[in-house]
Every structure is written in structure tokens, then in C-alpha cells.
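A.B. asks: Let me give you the structure first, and then I'll get to my questions.
The values are calculated or read from the model by the stated rules, or taken from the named source; none is laboratory data. These numbers come from a predicted model, not from an experiment. In this analysis, Cβ positions are derived from the backbone assuming ideal geometry, glycine residues included, and neighbour counts consider all displayed protein chains. To get the accessible areas, we keep the full protein, side chains included, count just its heavy atoms, and leave off ligands, DNA and RNA. Shrake-Rupley method; radii C 1.70, N 1.55, O 1.52, S 1.80 Å.
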Amino acid sequence: MKLIARLTLLITGIVLLAHYLPAGYWLVADKSQRAPFIFYSCVSNQFLFNRVINGELSHTDSHGKVYEREEFESLLPLDNYLQLYKDRRMPKEINGVAVTPEKLRRDRINLRIKPVVLDSPAVALYPLIESDSGRVRLEMPGDFMRFGRGVEFIDVKSNAVIAGKSAQFTAAFATAKFVFPVKLVGGNPSTLKPYDEGYFLVDSQNSIFQLRLVRGEPELKRLTDLVAPDKQPLWAGLKPLYLHVQEQDNHEVRFIIVEESGRTHLVVGADYQLVALPLEHYNPTTTALSVRGDMLNRLVAINGEAQVEAVVLTRDYQLVDRYAETLPARKDRLAGKLAGIIFPFTLEFESETSGYVGFHLDFGRPAALWLNGGLLAALIGWLLVRKQSLVHRVPELLAVAVGGVFGFLLVLLMPQAE
Amino acid sequence: MFQATLYKEWIKLRLYWALLFAANLGFAAYLSLRLRAVHEFNTAVTIWGAWIFKGYLFFNAYHYAPLVTGLLMGALQFLPEIFSKRIRLVLHLPIGEERVVAQHLLAGLLLLTLILAPVAALFAFTSGIYFPAEFQQNLWLTLSPWLLAGYAGYLLAATLLLETTWRYRIFYLLLGGAALRLFFLGDFYDTYLRVLSGFALWTVILFSLPLFSSYRFRKGL
């Protein structure tokens, strides 16, 4: 029991120190580093950036030229049209296309996928919104949908399954040759959106379906049946990891498919055109993706801890230009290198890229092993000077060998058995 | 022999136990009635939406209660023993100090369980009326770290009180505080799914620490 208690104390102590000491260190040593915010100018046809340098916001281009705010806004008329209209500086046409405020507003799109949504707890109950109710606003239904071997609707008031509607939908799924179980569900269960796409579902055969509720009736369509025959092999080869639905005013981007490999496709237009995004550095589990569009271009940008990348596409999704920049990762900066030597490992319980509490272990630099060895030698020397038995101190010696600075502190602080 | 220890501890603690039991169950009953009232004043869709999309479980106000109960239980059980130095008598009983302390701890853990289990059952019952089966998993996964914190708090309180030197009491205080904070890192449902077994295992091995303290106590370290 003595041994178990000592091991409990050592393991607990090392785990806690590996969490709190580095956290305290970074509280003092960390410096703010914000990734540049990327724009694409339809006037000068180049990438422009909002960068925070030493706490000051500056407007630059990729050559490092700094712009005044007014000049910067004029180069990005489609992003700053409200200000430009107010200042009466807004051009009447851009690149030969006539500009009106209404058109500007309608053609703006903005979709975002943060890595945390791919790894967060979620209840598998879905409200299926009536997508053609005849009302101006969308309304939350009074029941939630659940998938099992079929479809079930649960009435929220009585907390009971609605037999009739469940049977009606299960039959519709059978007719559409949907093979249960459902592998993946993508939807936007909100009424604060311009219209409703319903849900995109992946069945056990990897086919993607769209489910909507239209005037009280289920509408289930297999997307491969709707696309052009020559595109069907493309659809059949998809391995979706996440389906992102975010309805926009112009109905253009129906949804986004993120594949297990990180390859990402926009599904565009009434005929579900598959547009592969030409990104090179996107990792859906660690980087955020944004798709911003205006009446002339589509700007797809990713934002990670150590990497930003952007591609500009035309309205027809042809590549115009691309930009990539590597940012110094925290552990490659001076403070990070020092931390990597002092701390043999760091343990985090929370992560920006996950909604779950987890054990996120991050190892230090190889030089940390030398520090561990030095501390171990110091402890052995001290025990020998005090003429103590090394055999009885094996757990403590192991703690210092593995836990380095954490183990050493612990041996100094914790209660002893002798 | 365990029955004898349990009976002794029950005589010592029954009044405090009854108060803690009433306080916990009263709090749980209040939260259950509040859920009923919330249901009365809002549409069911709003309440389901708050649960599913915002992670609101309606019992979150209870989260520190098991910890406070565990700490109080440990203090009420071991403080009198320490202040009046009766613990020395216990440790000299002819059944071995490890065994007798273990029996005291088991008695305390049992009494703690008799407070926490009815509360959990009441939460499960009330939510079963208003929510489907999916809610039960969310409820148990969210409740578990709070309950574990109660048990861990009890064992750490016992460890701290049985320890004789102030220096190490402070060590246990810091260790306990740092560790118990990790049981409350967020109250969105299911967040502890991946670490729950690790946290549960840690709580189990904590049982060895009060025994270690009593060993040091007897050895006069």
C-alpha cells in the first residue's frame, strides 16, 4: 500500500505539474501572434492583408507596402462598400460590371468551418424544418428526428414517438433505396437563415442523399442520380468526413464536403456541381476554412497555428491566384525552444480544436533528456551523500528520469515513507 | 468487524449525515421542480433546443455540491478524531492500522454514496419525464465528473487531516486543489467522455493516500 501511495503521488504530481507549470510559463512568456487577415483586391488584382504588428493594425500588400485606411478601402470596394457609399467614393462599375448596393448585398457569401465543429459532442436528434411552408420565416417544428434502423420522430410535448410520421418517412427512405445505418448527417438546424436545405445524409454505402420536408411530405433524393453521368464516378469516390451546410442568400453553395483525406469540395448550384478546392495546406482537424465571395470572386482561405493559405477563384470557380505564408509556430520561437528544454513534456486537457476534454501530450525537445539526466545524477549524488539506499528510492528515481523537472520538484516536496 | 466500524461511524455522523442528505436532496428537488416550471413557461421546442444546441442540462447548478459534500464528510468524520487524538486509539486496535483506516474510509464512502445516489436517481427520473433517451447519456456523462469529484474530495480531505505535518498538509491542499479543478473544465454535455475512465481510475487509487497518511502518523514521521 505504501508503494501504491507513493506511485499515486508521483504520477498525480507529474501529471499536474506537466499541466500547470507550462501553463504558468506561457502565461508570462507568450506573445500575441495573429495570423494576417487576407483580402483579394478586384481593383489591383492582388492579395491584401490586415496585419497586427506590435499591437498596431496595418494594411499591407504582399510586397510589404503599407496603405492608409482610405486607400486600402478603395482597393477593396466590394468589402467596404458601406463606407465607400457613405463617402461617395464607390465606383459605379467595377471591371465592366455595374454595381448596385442590392446586388452587392445579395452576392456576398460567407461560410466558415472551424476544426472544433468536427470534434465536439452533439446529440443525434435533428429538427426537420418545413422548407416550403408558405410563411416568410422558417419555423422550428414540434418534433425531432432520430435515425436508427429507420427514421423516428419524437414529439417534444409528449416526449413520445410519432408513429404515423415515422412510418411515412421510413417508407420514403426505403423507396429512395437508402441503406441504413446513417453514417453522417450534415445540416443547419436554425431558423435564422434565408431558406432551408434540409439535411444531407450519407448512408452505409457512402451515397449522399438530401432530405427535405416539403409541404408536409418527405423529399429524399440521391445526389448521384441528379448529377451529369460523367460526374457520377467522382461522387461515388467521395469519402466524406464532415458535411457543412450554411444556407446563403444566393442559393449558390449548397453544402461543403470535407473528405477524410482533407480534400474539400463545394457543391454548387441547382445541378450539384462538385468543385474541388485547390488548397494545399488544409487540415480540417487543425485549421479553419472560410469561403468568402462577392459579385466578382470567391476567396477561400485557411487559417492554422502555423500556416495561412488563400486561393482566389472566379465566379465559375477557375483559379485566379494563390497565396501561402508560414507563421513561426509557438514552439519554434525563443520562448518555445526554452520551454522545450525545461519541460520534457506538456499536458493539456483542453484544446481549441476539440470540444472534448482530452489528454493532449506534447513532447519537448531532445535536449530536455539531458536535463532529465542531469537532475537524475544530482538526486543520486544527494542520496549517496546522505548514505541512503538507492534501491528503496527506485520510484523517485524513475519519476526524475521520466518527469525531469516535474519529478525533481515532486521528490523535494512530497511526504516520504522513511 | 466492518459492521462495528460502520456502526461507530454512523453513531458519530448520523446527525451531520442527515443534514447533508437533506441539503443535497432538497437542492436536487428544487432543480427538478425548476425544470418543471421552465417547462411550464417555455415551449418544449425551446427547452429541447437549449439542451441539444446550447448544452444546457438544467441541473448544472448542482455541479460543486458533491465536492462540497465530500469535503464536509471527510472533515466531519476525521476532524473529531484528530482534535481529540482518538485516532491513536483506533490505530492501536488489534486489527492493523491499514485495515482499520480502510474500514473508516469505506464507511465514509458508503455514507457519501447514500447521499449522492438518490440525487442522481432523482435527476434521471425527472429528466426522463421531459426528455428522450438521448438525454440520459448526456446527463450521466456530465454528472459523473461531479460525483467523482465528491469521492476524490472526500479521500483528499481524509488524507490531509490524517497527515501530521503542516508542510505536507499544504502539499496535499495544493495537489488536491490543482487536481479537483480539472473535474470542472466545462459543463457542456459529454465533454468528459474521453477522459472519464482515467479520472475514475485516479479516484480509485486515491484510496491509498489516507492509508499512507495514517502509516506516517503511526511511524511518527
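A.B. asks: Take the conditions at pLDDT below 95 and surrounded by 18 or more Cβ atoms within 10 Å (Cβ to Cβ) and apply them to A:Thr346. Does it pass?
C.D. replies: No; evaluated as a whole, the condition is false for this residue.
A.B. asks: Moving on to the next point. Looking only at the stretch A:105-147, which residues are within 11 Å of chain B (Cβ to nearest Cβ) and in a loop (DSSP other than H, G, I, E, B)?
C.D. replies: The initial filter retains those residues of the stretch A:105-147 that are within 11 Å of chain B (Cβ to nearest Cβ), namely A:119-127, A:139-144, A:146.
Passing the criteria: A:Asp119, A:Ser120, A:Pro121, A:Ala122, A:Val123, A:Ala124, A:Leu125, A:Pro127, A:Glu139, A:Met140, A:Pro141, A:Gly142.
A.B. asks: Do any residues in the stretch A:133-154 that are of a type in the set (Lys, Arg) have Cβ atoms under 8 Å from those of residues that are in a loop (DSSP other than H, G, I, E, B), where the two are at least six apart or on different chains, and which pairs are they?
C.D. replies: Within 8 Å, the pairs are A:Arg137/A:Thr191; A:Arg146/A:Ala124; A:Arg146/A:Leu125; A:Arg146/B:Pro132; A:Arg149/A:Phe180; A:Arg149/A:Pro181.
A.B. asks: Shifting gears a bit: Given (1) more than 7 Å from chain B (Cβ to nearest Cβ); (2) closer than 17 Å to A:Pro344 by Cβ; (3) in contact (Cβ under 8 Å) with a residue 40 or more places away in the chain, identify the lone condition not met by A:Ile11.
C.D. replies: That leaves (3) as the condition not met.
A.B. asks: Next up: Restricting attention to the stretch B:116-139, report how many residues are within 13 Å of another protein chain (Cβ to nearest Cβ) and in a helix (DSSP H, G or I).
C.D. replies: The number of residues fulfilling the criteria is 12.
A.B. asks: Follow-up question, since we're still on this one. Can you work out which of the residues in the stretch A:148-182 that are open to solvent by 50 Å² or more (accessible area, probe 1.4 Å) and within 31 Å of the chain's Cα centre (by Cα) is nearest to the other protein chains (Cβ to nearest Cβ)?
C.D. replies: Here the answer is A:Glu152.
A.B. asks: Can I ask one more? Determine which single condition A:Gly336 fails, assuming it passes every other condition in (1) under 29 Å from A:Asn110 (Cβ atoms); (2) open to solvent by less than 40 Å² (accessible area, probe 1.4 Å).
C.D. replies: Only one criterion in (1) under 29 Å from A:Asn110 (Cβ atoms); (2) open to solvent by less than 40 Å² (accessible area, probe 1.4 Å) is unmet by A:Gly336, namely (1).
A.B. asks: For B:Ala158, are the conditions met, namely being over 24 Å from B:His63 (Cβ atoms), in contact with a helix residue (DSSP H, G or I) (Cβ under 9 Å, 6 or more places away or on another chain) and in a helix (DSSP H, G or I)? Break it down into steps so the answer makes sense when it comes.
C.D. replies: Values: over 24 Å from B:His63 (Cβ atoms): no; in contact with a helix residue (DSSP H, G or I) (Cβ under 9 Å, 6 or more places away or on another chain): yes; in a helix (DSSP H, G or I): yes.
For B:Ala158, the condition - over 24 Å from B:His63 (Cβ atoms), in contact with a helix residue (DSSP H, G or I) (Cβ under 9 Å, 6 or more places away or on another chain) and in a helix (DSSP H, G or I) - is not met.
A.B. asks: Any residue at all in the stretch A:85-93 that's in a helix (DSSP H, G or I), surrounded by fewer than 20 Cβ atoms within 10 Å (Cβ to Cβ) and away from chain B (no Cβ under 14 Å)? Don't jump to the end; show me each part of the working.
C.D. replies: So in the stretch A:85-93, the residues in a helix (DSSP H, G or I) come out as A:85-86.
Next, from what is left, pick out any that are surrounded by fewer than 20 Cβ atoms within 10 Å (Cβ to Cβ): A:85-86.
So of that shortlist, the ones also away from chain B (no Cβ under 14 Å) come out as A:85-86.
Yes, the stretch A:85-93 contains a residue that is in a helix (DSSP H, G or I), surrounded by fewer than 20 Cβ atoms within 10 Å (Cβ to Cβ) and away from chain B (no Cβ under 14 Å).
A.B. asks: I've got another one for you. I'd like the residue in the stretch B:51-72 that is under 28 Å from the mean Cα position of the chain (by Cα) and more than 18 Å from B:Pro145 (Cβ to Cβ) and, out of all such residues, is surrounded by the fewest Cβ atoms within 10 Å (Cβ to Cβ).
C.D. replies: B:Lys54
A.B. asks: Same structure again: I'd like the residue in the stretch A:132-147 that is out of contact with any strand residue (DSSP E or B) (no Cβ under 6 Å at 6 or more places or on another chain) and closer than 22 Å to B:Ile129 by Cβ and, out of all such residues, is most open to solvent (accessible area, probe 1.4 Å).
C.D. replies: Among them, the one singled out is A:Met140.
A.B. asks: Out of (1) among the aromatic types (Phe, Trp, Tyr); (2) under 30 Å from A:Asn80 (Cβ atoms); (3) buried (at least 20 other Cβ atoms within 10 Å of the Cβ), what's the single condition that is false for A:Tyr317?
C.D. replies: Single failed check for A:Tyr317: (3).
A.B. asks: Among (1) within 22 Å of A:Arg34 (Cα to Cα); (2) touching a strand residue (DSSP E or B) at 6+ places or on another chain (Cβ under 8 Å), where does A:Leu313 come up short?
C.D. replies: Result: A:Leu313 fails condition (1) only.
A.B. asks: B:Arg169: open to solvent by 10 Å² or more (accessible area, probe 1.4 Å), among the basic types (Lys, Arg) and not in a loop (DSSP other than H, G, I, E, B), yes or no?
C.D. replies: So B:Arg169 passes the test.
A.B. asks: So, in the stretch B:30-45, of the ones that are part of a helix (DSSP H, G or I) and within 11 Å of chain A (Cβ to nearest Cβ), which residue ends up nearest to the chain's Cα centre (by Cα)? Let's see the steps before the verdict.
C.D. replies: First, the residues of the stretch B:30-45 that are part of a helix (DSSP H, G or I): B:30-41, B:44-45.
Still in the list and also within 11 Å of chain A (Cβ to nearest Cβ): B:39, B:44-45.
Numbers: B:His39: 30, B:Ala44: 33, B:Val45: 34 Å.
Across the stretch B:30-45, the extreme among qualifying residues is B:His39.
A.B. asks: Condition first: open to solvent by 40 Å² or more (accessible area, probe 1.4 Å), at pLDDT 95 or above and of a type in the set (Ser, Thr, Tyr). Now tell me which residues in the stretch B:27-46 satisfy that.
C.D. replies: Scanning the stretch B:27-46 gives a single hit, B:Tyr30.
A.B. asks: On to the next question. Could you please let me know if A:Ser41 is loosely packed, with under 15 Cβ neighbours inside 10 Å and among the hydroxyl-bearing types (Ser, Thr, Tyr)?
C.D. replies: Answer is no for this residue.
A.B. asks: May I ask you to list the residues in the stretch B:187-211 that are in a loop (DSSP other than H, G, I, E, B), open to solvent by 20 Å² or more (accessible area, probe 1.4 Å) and either facing another protein chain (nearest Cβ under 7 Å) or among the aliphatic types (A, V, I, L, M) (or both)?
C.D. replies: B:Phe188, B:Leu193, B:Arg194
A.B. asks: When you go through B:Ala149, B:Ala179, B:Ala157 one by one, which is the residue that is crowded, with 16+ Cβ neighbours inside 10 Å, over 24 Å from A:Gln416 (Cβ atoms) and of a type in the set (A, V, I, L, M)?
C.D. replies: B:Ala149
A.B. asks: Could you check the stretch B:1-26 and list, in sequence order, the residues that are out of contact with any helix residue (DSSP H, G or I) (no Cβ under 8 Å at 6 or more places or on another chain), open to solvent by 70 Å² or more (accessible area, probe 1.4 Å) and within 26 Å of B:Ala61 (Cα to Cα)?
C.D. replies: B:Leu15, B:Leu19, listed by residue number.
A.B. asks: Only strands (runs of 3 or more DSSP E) wholly contained in the stretch A:217-294 count here; list those with 2 or more residues that are touching a His at 6+ places or on another chain (Cβ under 9 Å).
C.D. replies: Ranges flagged: A:253-259, A:273-276.
A.B. asks: Need pairs with beta-carbon distance below 7 Å; first residue more than 19 Å from A:Leu17 (Cβ to Cβ) and at the interface with chain B (Cβ under 7 Å from one of its Cβ atoms) and within the stretch A:340-363, second open to solvent by 30 Å² or more (accessible area, probe 1.4 Å) and of a type in the set (A, V, I, L, M); sequence gap 6+ or separate chains.
C.D. replies: A:Gly355/A:Val116; A:Tyr356/B:Leu193
A.B. asks: Considering the stretch A:187-243 alone, what residues qualify as being open to solvent by 50 Å² or more (accessible area, probe 1.4 Å), closer than 28 Å to A:Asn283 by Cβ and either touching an Asp or Glu at 6+ places or on another chain (Cβ under 7 Å) or modelled with pLDDT of 95 or more (or both)?
C.D. replies: Across the stretch A:187-243, the qualifying residues are A:Lys239, A:Leu241.
A.B. asks: Residue pairs, Cβ under 6 Å, 6 or more apart or interchain, first in the stretch B:116-127 and modelled with pLDDT of 95 or more, second not in a helix (DSSP H, G or I). List them.
C.D. replies: If the second residue must be not in a helix (DSSP H, G or I), the pairs left are B:Phe123/B:Phe59.
A.B. asks: What pairs come out if I take residues in the stretch A:389-418 that are in contact (Cβ under 8 Å) with a residue 40 or more places away in the chain and more than 14 Å from chain B (Cβ to nearest Cβ) and pair them with residues that are part of a helix (DSSP H, G or I) and of a type in the set (Val, Ile, Thr) whose C-beta lies under 7 Å away, six or more apart or interchain?
C.D. replies: Here the result reads A:Glu396/A:Val411; A:Ala399/A:Ile14; A:Ala399/A:Val411; A:Gly403/A:Ile14; A:Val405/A:Ile342; A:Gly407/A:Ile14; A:Gly407/A:Val400, each pair linking the stretch A:389-418 to a residue that is part of a helix (DSSP H, G or I) and of a type in the set (Val, Ile, Thr).
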